[in-house]
Amino acid sequence: MLSQQENEMLTRVGRGTPMGELMRRYWIPAAFSHQIAEPDGPPMRVRLMGENLVLFRDTQGRIGLIDERCPHRTASMFFGRNEGSGLRCVYHGLKFDVDGNCVDVPCVPQASDVQIRNIRSQLKIKAYPCIERGDVVWTYMGPPEHKPEFPDLEWTRIPASQRFATRHIQECNWLQGLEGGFDATHLTFLHGGDAEKSRRIVATRYEVMPTDFGFMVGTGRDQGNGDILWNVNVMLMPFHKIISSMPHAAHVWAPIDDENTMLYSIDFSPSRPLTEEDLARTKAWRGIHTENIPGTDHAIRNKGNDYLIDRALQASGKSYTGMTGLGTQDCAIQESMGLIADRTAEHLLACDAAIVKIRRLLLQTLKDHAAGKALPGMRPDSYRVRSVRYEAPTGEPIAAIMNERVRIDTPVAAK
Ligand code: FES
Ligand SMILES: [Fe+2]
């Protein structure tokens, strides 16, 4: 259980909020590169961290992410003309480049050169720097002097043929997604099929440790022979998860605003192109992410149709939920907790130990940030990690082993 104030601190992401300012110290995904593939192509609306923005690729292929509001009389730049190295507002023709500079003011032909220069210097539009990595456009919305190098996220550094990425909107706060991602207990219930079996294989040990990239969440099951089977998941600041599976997978919970989240899901192989079988398996188990309403980021199975729940399937015992696809199940249950879950109303149990520790670590990171202390994940090579699964004898130094196991030995090659 959290206090109302703690819940607010962890969930709100608008400018000026503690979590909003912390997240703005990291690179945030804004869109897929293919969504603005063509130079001078149509601009795209992007809502990110509670800010309404417009994304475009200019004549030279440079990417601009600017305020949706034209600084002249606040018309939407979404309707703008993307031409001649800038985006032109169609209300009165003011034009801005990718850095937010006003480069043309055609609506005051009577103005002198000096006057035009003054107008241009006053009418800068807010613009955030962007970078393309892993076929995703990332932006940095924090103080320019703190802009970190882009991190060595493994899935962004491999050829496109080794990666399959989708995204969809979750109608709830980002932290519900992240907490669901690191909630080991739900795997055997929400995603399981057999309630009795589930009861027996629930983990009994939970270790959450801060690291130089974020934190590790280890859940352990006693094997009955003196060994513990550890499942260690890595959380890379501020909202990334790498999942150890074959192929590997990653999630990014990028806040659209306090009550909506863009979940990016990526399957990847570090060593080879993905096969047809990989893709078929991925699509089958994800469910939701591969089936968006065409032309939108909204899933076909959504809140409005109760995720197409099949009560007969649920009753048959073949599915715990009657909802098909892990992604659909996660989305349904996380959205069902409300737009921003009221964590003052919870009754936490022993199986929530990891969630409790994750919240404490995030709260501590917020305090550290407010105190001007160094943040995790600022060094690009700290992100060279993967989630792992291994057995170790009871009593071995847990933290040291985990820390060693999650590191990727060989640096991945840059694309
Ligand atoms: S409102 Fe954009 S040019 Fe006037
Ligand atoms: Fe899940």
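Here are a few things to note about the model shown:
- Pairwise centroid distance, computed over Cα atoms, of the range 67-107 with the range 356-392, Å: 40
- Principal-axis analysis of the Cα atoms of the chain puts helix 353-370 at an angle of about 30° to the longest axis.
- Heavy-atom surface of the range 310-415, accessible at 1.4 Å and reported per residue (Å²): 55
- Judged by a Cβ-Cβ distance under 4.7 Å, the unpaired cysteines of the chain are CYS102, CYS107, CYS130, CYS172, CYS331, CYS351.
- Cα long-axis angle, helix 113-122 against the chain (0 to 90 degrees, to the nearest 10): 20
- Figure note: ARG25, ARG272, ARG45 ranked by solvent-accessible area, largest first, 1.4 Å probe, ligands and nucleic acids not counted: ARG45, ARG272, ARG25.
- Mean Cβ neighbour count within 10 Å, used as a protection proxy, ranking 117-128, 297-308 highest first: 297-308, 117-128
- FRET efficiency for the pair GLU391 and ARG272, taken as 1/(1 + (r/R0)^6) with r the Cβ-Cβ distance and R0 = 25 Å, rounds to 0.40.
- Cα gyration tensor shape for the range 342-415, rounded if a/c is under 1.5, else prolate or oblate: oblate
- ALA374-HIS92 FRET efficiency (beta carbon distance; Förster radius 35 Å; 0.05 resolution): 0.15
- Beta bridges by DSSP in the range 227-268, antiparallel share as percent, to the nearest 5: 100
- Using alpha-carbon coordinates, inclination of helix 276-286 to the longest axis of the chain, degrees: 80
- Toward the positive end of the charge dipole of the chain, with +1 on the Cβ of Lys and Arg and -1 on the Cβ of Asp and Glu, the farthest Cα among GLY84, PRO144, VAL108 is that of VAL108.
- Listed residues THR59, THR282 arranged by accessible area, highest first, probe 1.4 Å: THR59, THR282
- Packing, taken as the mean count of other beta carbons within 10 Å per residue, orders the peptides 148-154, 327-333 from highest to lowest as 327-333, 148-154.
- Spatial extent of the chain: Rg and Dmax, with the Cα atoms as the point set, Å: 23.0, 87
- The distance from the alpha carbon centre of the range 110-156 to that of the range 299-324 is 44 Å, rounded to a whole number.
- Shown for the chain: the carbon plus sulfur share of the solvent-accessible area, taken with all protein chains present and a 1.4 angstrom probe, equals 52%.
- Here LYS124 is the anchor, and the lysines within straight C-alpha reach of less than 20 Å, apart from those fewer than 8 places off in the same chain, are LYS95.
- Modelled FRET efficiency - R0 41 Å, ALA280 with ASN118, Cβ distances, 0.05 increments: 0.10
- Counting only DSSP H runs of at least 4 residues, each contributing -39500 (n - 2.57), and dividing by the residue count of the chain, the helix-based mean residue ellipticity at 222 nm comes to -6500 deg cm²/dmol.
- Distance between the 7 Å Cα→Cβ label points at ALA312 and ASP222: 4.4 nm.
- Structure note, pairs LYS147/LYS373; LYS241/LYS373; LYS241/LYS357; LYS303/LYS357: Cα-Cα distances above 20 angstrom occur for LYS241/LYS373; LYS303/LYS357.
The values are calculated or read from the model by the stated rules, or taken from the named source; none is laboratory data. Just so we're clear, the structure is a prediction, and the values are computed from it rather than from any experiment. Ideal geometry is used to build each Cβ from the backbone, glycine not excepted, and the neighbour counts take in all protein chains shown. Surface accessibility is based on the protein's heavy atoms, side chains included, excluding ligands, DNA and RNA. Shrake-Rupley method; radii C 1.70, N 1.55, O 1.52, S 1.80 Å.
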